[in-house]
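Peer 1: Right, I'll just put the structure down here and ask away after.
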Amino acid sequence: MNSRQRGTLAAIFETPTRADIDWDDVVSLLSGLGAEVSEGRGSRVRVALNGIRAVFHRPHPRKVTDKGAVKSVREFLVQAGVTP
């Protein structure tokens, strides 16, 4: 992981939950952690990491995640054994 990805990881685990994290930064973090990221139908993005699978929806029209998406990514990372 590079320093930007570490910053994104820290931002995902911040309290209160942030709603200003760029989706591209989240995807970069997941890739940096070794996750398998693939495009699904429409705005779906499939992710597999450490045997845990999830499907997220790419935000649109803005490229910034909302609080619900950040919470979902956080829960996925915890299940996959990733913490800051």
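Peer 1: From the square roots a ≥ b ≥ c of the eigenvalues of the alpha-carbon gyration tensor of segment 1-61, which class results: rounded (a/c under 1.5), prolate (a/b over b/c), or oblate?
Peer 2: oblate
Peer 1: For the chain, what is the calculated [θ] at 222 nm in deg cm²/dmol (nearest 500), taking -39500 (n - 2.57) for each run of four or more DSSP H residues and dividing by its residue count?
Peer 2: Only helices count here, giving -12000 deg cm²/dmol.
Peer 1: Of the residues G42, G68, G34, which exhibits the maximal mean-square fluctuation in a Gaussian network model of the chain defined by a 10 Å Cα contact cut-off?
Peer 2: Taking springs between Cα atoms under 10 Å, the residue moving most is G42.
Peer 1: Among the helices of the chain (complete DSSP H runs), which have Cα atoms covering no less than 15 Å along the helix axis and a Kyte-Doolittle mean of at least -1.0?
Peer 2: 67-79
Peer 1: Turning to a different aspect of this structure: Report the net charge of residues surrounding G7, where surrounding means a beta-carbon distance below 14 angstrom and charges are Lys +1, Arg +1, Asp -1, Glu -1.
Peer 2: Its environment carries a net charge of -2.
Peer 1: Loop-only check: which trypsin sites (Lys or Arg not before Pro) in the chain are DSSP coil with at most 14 other Cβ within 10 angstrom?
Peer 2: Loop-located and lightly packed - R41, R62, K63.
Peer 1: While we're looking at this one, here's another question. Pick out, from G32, G51, P61, the residue whose Cα sits farthest towards the positive end of the charge dipole of segment 30-83, with +1 on the Cβ of Lys and Arg and -1 on the Cβ of Asp and Glu.
Peer 2: P61
Read-outs throughout are calculated quantities, based only on the coordinates presented, and are distinct from any laboratory measurement. Quick caveat, the model's predicted, so the values are computed rather than measured. Ideal geometry is used to build each Cβ from the backbone, glycine not excepted, and the neighbour counts take in all protein chains shown.
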